[in-house]
Amino acid sequence: MHGTEDTGPLGAHERPEARGGDERADAPRHATEAVPGGASRPSGRRPPPTHEVHAPTHEDHGPVRYGPPAPDPGLPVLPELAAVLAAASARTRPEPPGGGPLLREAARGYWDRRGLHGTAGSIAAAPGAQPLLLALIGAHGGDVLMPRPCPATWMPQARLLGRPAYHVPTPAECGGVPDPYALLETVRRVRAEGGRPKLLLLSVVDDPTATVAPPELVREACEAAVGEGLHIISDETWRDTVHRPRDTVLLSPAEMCPDDVTVIGDLAGALTPAAWPVAVARFPDTARAAVRHARTLDILTALGALVAGPLAHAAAHALGEPESVRDRTRRAAALHCEVAAAAHRAVLGSGALARPPQAGRHLYADLGPLRGRLAELGVTDSMELEEYLTDRLGAPAPGGHRFGDELGALRVRLGTGPLLGATPQQQTESLTAAKPLELAHVAQALDSFAAVFGAPR
């Protein structure tokens, strides 16, 4: 298996195969365009009617702006956090670039409790993971490597900066971390063609696959990357959403390669609502990392990517992890564990495939075994599958092409948040119930979910 470059935008009617999307055959190539884009094709959806419609029109849902958000937690805001934010609402000034002392110290303490020791001076904060990752990639030179599949926002960051970027296959047991041998082969081929691979993005707790990479795989991939001179950015946004933390060994790349790993985390993964954009990065304690930290702050400043003052106060409170926050995190992970397992059973019962979800609030399904029946329904690729399932589930169901998978593969990310209830009252009831699957609204949502997947059988 080999890595493939995926940098330029796709036109409105261009399929990835036309550019060499098959990872088994294509060699890396140099980037020729440097603007963001995504796989696109007419979606078949009509826009809302206006006063006068002369002919059917089709809206293109391919570009980056239509990319999927992170899976919705499906839960109301923790009241204590809402109170903290309200109390800080009089703060009218944003944080300084990279965050103020209170926020950076809270982030330092958060990672310190997870065995990643450092100083507040090695922290940088930004209003969300996307501007933070953009600044981090901009602070590093060279080409970017990332696993396939990977979070939908990663490739656009490299495209926006004009950086050649390459997908590397993942092993069968998990996503988020590239196969070490495929990584070495990709590095070799990129260099043979004059490229400069310098940066590897990975996530040990993964979106979109909802898997946790085994420690031995993390170790081998990191050793391969560092041995080839790559710096690693480890996205650990989902580490606090592991479904069974007592039964799961989670190894951060920064634990084994402390001088060669920058860790990032979006607080929306487990601590704060997605509408409160705050993400933090932890840099290594080295002279080289200090230079990159300074460059990152320069880029955040140029972008105007400053954390809002009231949000910084709430984020610092969440990162401090008082008992209420810890309890919500534990309860939410346990709830999504049960609901995701039930959704997984429904997917398998339809004849489709999916790895058992181990973290997050989603699962990643492969409907390849149902290809024949889906083709009869007009579904032949992941774009059409996205539309088909989104319409029937009434919730976002982004296709695998959003995450770098082949367009022809019938893969899709399915969120569990919409299964928890339609109102804050139902969602709170799901969160506090001893047996959430027995609640009427959860059982009904799961029955409807299973019916959608049973239809193509």
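The values are calculated or read from the model by the stated rules, or taken from the named source; none is laboratory data. Everything numeric here is computed off the predicted structure, so don't read it as measured data. Positions of Cβ are backbone-derived with ideal geometry, glycine not excepted, and every protein chain shown enters the neighbour counts. These accessible areas exclude ligands, DNA and RNA; they are computed on the full protein's heavy atoms, side chains included. Shrake-Rupley method; radii C 1.70, N 1.55, O 1.52, S 1.80 Å.
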For this session: Of all alpha-carbon pairs in segment 228-309, indicate the percentage at a distance above 16 angstrom.
Result: 62 percent
Exercise. Classify segment 302-457: rounded, prolate or oblate, from the alpha-carbon gyration tensor (a ≥ b ≥ c, eigenvalue square roots; a/c under 1.5 rounded; otherwise prolate if a/b is larger than b/c)?
Worked result: oblate
Exercise. What FRET efficiency, computed as 1/(1 + (r/R0)^6) with R0 = 22 Å and r the Cβ-Cβ distance, is obtained for ARG345 and ASP391, rounded to the nearest 0.05?
Worked result: 0.45
Problem set entry | Geometric extent, Cα atoms of the chain - Rg, Dmax (angstrom) | 21.5, 64
Seminar exercise, completed: For segment 369-457 the translational diffusion coefficient, Stokes-Einstein from a Kirkwood Rh over Cα pairs at 10 °C and viscosity 1.306 mPa s, in µm²/s, is roughly 112 µm²/s
Problem set entry | Antiparallel bridges, percent of DSSP beta bridges restricted to the chain (to nearest 5) | 60 percent
Seminar exercise, completed: The answer for ALA354, listing residues at least 5 apart or on another chain whose modeled amide H is closer than 5 Å to its amide H, is ASP366
For this session: For segment 298-350, evaluate the Debye formula with one uniform point scatterer on each Cα (no solvent term) and list log10 I(q)/I(0) at q = 0.15, 0.16, 0.17, 0.20 Å⁻¹, rounded to two decimals.
Result: -0.68, -0.70, -0.72, -0.78
Exercise. Shape of segment 255-372 from its Cα gyration tensor (a ≥ b ≥ c, root eigenvalues): rounded if a/c is under 1.5, otherwise prolate when a/b > b/c, or oblate?
Worked result: prolate
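Net charge near ALA359, counting Lys/Arg +1 and Asp/Glu -1 over other residues with Cβ under 10 Å of its Cβ?
On the way: positive: ARG239, ARG244, ARG361; negative: ASP206, ASP207, ASP240.
Summing Lys and Arg as +1 and Asp and Glu as -1 gives 0.
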Exercise. For GLU80 and ALA192, what does the FRET efficiency come to when R0 = 60 Å and r is the distance between their Cβ atoms, rounded to the nearest 0.05?
Worked result: 0.60
Problem set entry | Accessible carbon and sulfur surface of segment 343-388 relative to its total accessible area, %, 1.4 Å | 54 percent
Exercise. Using a simple spin-label model with points 7 Å from Cα along the Cα→Cβ vector, what separation in nm is obtained for GLU173 and GLU321?
Worked result: 2.6 nm
Problem set entry | Value of Rg to Rh for segment 72-225 (Rh from inverse mean 1/r over Cα pairs, i.e. Kirkwood) | 1.03
For this session: Give me the compactness ratio for segment 196-338, meaning the Cα radius of gyration over 2.2 N^0.38 Å.
Result: 1.12
Exercise. Along the Cα-to-C-beta direction of ALA455, a point sits 7 Å from the Cα; which residues of segment 336-364 have their amide N less than 19 Å from that point?
Worked result: 343-344, 346-353
Problem set entry | Ordering of 172-179, 398-405, 247-254 by packing [mean C-beta count within 10 Å, highest first] | 398-405, 172-179, 247-254
Seminar exercise, completed: Amide H contacts under 5 Å for HIS362, restricted to residues at least 5 apart in sequence or on another chain and with H modeled in the peptide plane, are THR416
